[in-house]
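The values are calculated or read from the model by the stated rules, or taken from the named source; none is laboratory data. Computed from a prediction, not measured in an experiment: that's the story for all the values here. Counting neighbours? That spans all protein chains shown, and the Cβs are built from the backbone with ideal geometry, glycine included. These area figures cover heavy atoms from the full protein model, side chains too; ligands, DNA and RNA do not enter into them. Shrake-Rupley method; radii C 1.70, N 1.55, O 1.52, S 1.80 Å.
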Amino acid sequence: MERRQLSVFIDESGDFGKCNPRNPFYYVAMVLHNQSNDISCDIKNLERHLETIGYPKHAIHTGPLVRKELFYKNDLMETRKALFNSLFHFTRRLPIHYICPKINKAECSNDEMAYISKLSKTISDELKKHYDYFDSFDLLINYYDYGQAELTKIILSVFSSLFANVEMRKVKPADYKLFQVADLICTMELINDKAERNALSNSEKEFFHSSRDFKKNLYKQLEKKKL
């Protein structure tokens, strides 16, 4: 009998530094892919589409894309929207789920250990809420780029304490489209929280038009993928 394996692609938005009152949240997106569901055709279609846009073999970074930063600083809105739509609709069509534990750093004493403690508990609580789903797999494989040493340790500790068969694998974002999906989800969850407070930045308003348009046209579709 074939082993049931779950890939968990993990990305974060935030850091363990002092709390910024304008953006106090720390997000950990986890994209869940049952490896028995083949997504190779979806990946090939996305790669072909990116090539037609002029970004072959490119790892899309949603935050800089929206803010017109880094490699996108000279791109027209039309190109940036095409890149965003490519990744968004790729995500929407995939047989995946996601969870996105988050903490409000403003609720902690302003130090790294308090953030680590609260984030560890929040991730653990979210995994326990869906324990039967995760436990139905023979092997959980966590993919992370080890971008933050603190989060790497939290992930390893929390998953290992709850489940018997867990692996950690270090990845490069360019090598895995689902890691880019996790990046997209982090950004979308962040923007949704800002939309709830009518606090979109000028670049976000330019890209998404309004909080209402963002929630109605985009976030509600993405939210359907939540576990």
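Quick check: is even one residue across region 82-101 exposed (fewer than 13 other Cβ atoms within 10 Å of the Cβ) and closer than 20 Å to Pro56 by Cβ? No, that holds for no residue.
Say whether the condition of being of a type in the set (S, T, N, Q) and under 23 Å from Glu69 (Cα atoms) is met by at least one residue in region 151-163. No, because not a single residue in region 151-163 is of a type in the set (S, T, N, Q) and under 23 Å from Glu69 (Cα atoms). Please work out if Gly14 is more than 18 Å from the chain's Cα centre (by Cα) and at pLDDT below 95. For Gly14, the condition - more than 18 Å from the chain's Cα centre (by Cα) and at pLDDT below 95 - is not met. When region 17-35 is limited to residues that are more than 20 Å from Ile154 (Cβ to Cβ) and within 21 Å of the chain's Cα centre (by Cα), the one that is surrounded by the fewest Cβ atoms within 10 Å (Cβ to Cβ) turns out to be Arg22. Comparison of Phe163, Phe179, Phe134, Phe159 shows that the only residue that is within 15 Å of the chain's Cα centre (by Cα) and closer than 22 Å to Ser36 by Cβ is Phe179.
Region 122-199 holds helices (runs of 4 or more DSSP H) entirely within its bounds, and those carrying 1 or more residues that are open to solvent by 10 Å² or more (accessible area, probe 1.4 Å) and over 28 Å from Gln221 (Cβ atoms) map to 131-135, 149-162.
Rundown of residues vs (1) closer than 30 Å to Glu126 by Cα; (2) more than 22 Å from the chain's Cα centre (by Cα), yes/no style:
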residue	(1), (2)
Leu70	no, no
Met77	no, yes
Phe90	yes, no
Pro101	yes, no
Lys105	yes, no
Cys108	yes, yes
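Scanning region 43-70 for residues that are assigned to a helix (DSSP H, G or I), surrounded by 13 or more Cβ atoms within 10 Å (Cβ to Cβ) and in contact with a Pro (Cβ under 9 Å, 6 or more places away or on another chain) gives Glu47, Leu50. Within region 13-28, the set of residues being of a type in the set (Gly, Ala, Ser) and farther than 13 Å from Thr187 by Cβ comprises Gly17 only. Set side by side, the residues Asp38, Asp75 differ, and just one is open to solvent by 60 Å² or more (accessible area, probe 1.4 Å), out of contact with any Asp or Glu (no Cβ under 6 Å at 6 or more places or on another chain) and among the acidic types (Asp, Glu), which is Asp38. Close contacts from region 111-128, counting a first residue that is within 20 Å of Val31 (Cβ to Cβ) and among the basic types (Lys, Arg) and a second that is modelled with pLDDT of 95 or more and assigned to a helix (DSSP H, G or I), with Cβ to Cβ under 8 Å and a gap of 6+ residues or different chains, come to Lys128/Leu162.
For residues in region 1-16 being among the hydrophobic types (A, V, I, L, M, F, W, C) and more than 15 Å from Leu119 (Cβ to Cβ), which is most open to solvent (accessible area, probe 1.4 Å)? Going through the qualifying residues, I end up with Met1.
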